[in-house]
1. How much length would be gained if the chain were fully extended between HIS100 and GLU160, taking 0.36 nm per residue of separation minus their Cα-Cα distance, in nm to one decimal?
2. Which shape class, rounded, prolate or oblate, goes with region 89-192 when its Cα gyration tensor gives a ≥ b ≥ c as root eigenvalues, a/c under 1.5 marks rounded, and past that a/b bigger than b/c marks prolate?
3. Calculate one ³J(HN,Hα) per residue across region 113-118 by plugging θ = phi - 60° into the Karplus curve 6.51 cos²θ - 1.76 cosθ + 1.60, and present them in order as whole Hz with x for glycine and proline.
4. State the extension gain, in nm to one decimal, for the chain segment bounded by GLU71 and LYS203, taking 0.36 nm per residue of separation less the distance between their alpha-carbons.
5. Does region 201-250 classify as rounded, prolate or oblate by the C-alpha gyration tensor (a ≥ b ≥ c root eigenvalues; a/c under 1.5 gives rounded; else a/b over b/c gives prolate, otherwise oblate)?
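What follows draws every value from the coordinates through simple rules; no lab data is involved. Note that the structure is a prediction, hence the values are computed from the model and not measured.
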Amino acid sequence: MDKIPDTKQHTRNSLLTHLNTLQSFGMECVFAPENSSLVDSQSNVVEQLSKESSDEPMKKTLNKKAKTLDELQNKVIGDCKRCKLCKGRNNVVFGDGNPHAELMFIGEGPGADEDEQGIPFVGRAGKLLSKIIESMGYTREEIYIANVVKCRPPKNRNPETDEIEQCMPFLMQQIALIKPKAVICLGKFAAQTVLDSKIPISKLRGDFREIDGVQIMPSFHPAYLLRNPAMKRLMWEDCKKVMTLLGKKG
Ligand code: URA
């Protein structure tokens, strides 16, 4: 049976994750009632919660907010040991592409090929993604690709909640630093993580949501399209909406 989480600690961690996401998008303060027992109204809420949390890895992340992708990759993430995925990985797959891209793609997590090469989407699903990118009128060098979790889950299993919670602030910082005009979230994990939603991908896909000026388009994961080729048509419809937004002819 699953361990029942310590509710207070769990609430703190969820709140920290949420505040960190807001901070990644440039929000510097939130308002709390003056007599709130949770935070001192004069102090930075994120700092205050970081001090109170016993979750060491999250504290480190918050204290080292990067100014560049390079700093995020090498100084903040570095040889990351914040979650159990570090045990089986060969490489931290940080992300790849143009740091000033107008279009960004977000996948789930590295597979075997990506783990080996340290580059996202280089396997079978990656080849299909490259075709989609080219059909949209871009090269891979012009766009940016990242994943929700930066280390390969064993046997390509789905990333688990604790792993996503640890890694998600890095993804949000990547988006904040790149400032793309549009992001295509590939599959359930990317879409639900970025949009902080539990809605199934079949319902989320196809409609833009906006986060701080960045247009987020949830769509299907290329690995799903390889298993369900009939869905490629729907994915292409989503891509065409993004192309219209970005003034691309394909
Ligand atoms: N699938 C993903 O979600 N990401 C990769 O980098 C490769 C396959």
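1. Details: separation 60, 0.36 × 60 = 21.60 nm, distance 3.02 nm.
Using 0.36 nm per residue and subtracting the Cα-Cα distance, I get 18.6 nm.
2. Oblate, since a/c reaches 1.5 and b/c is not below a/b.
3. Computed from phi, the couplings for region 113-118 are 5, 5, 4, 5, 8, x Hz.
4. 43.9 nm
5. oblate
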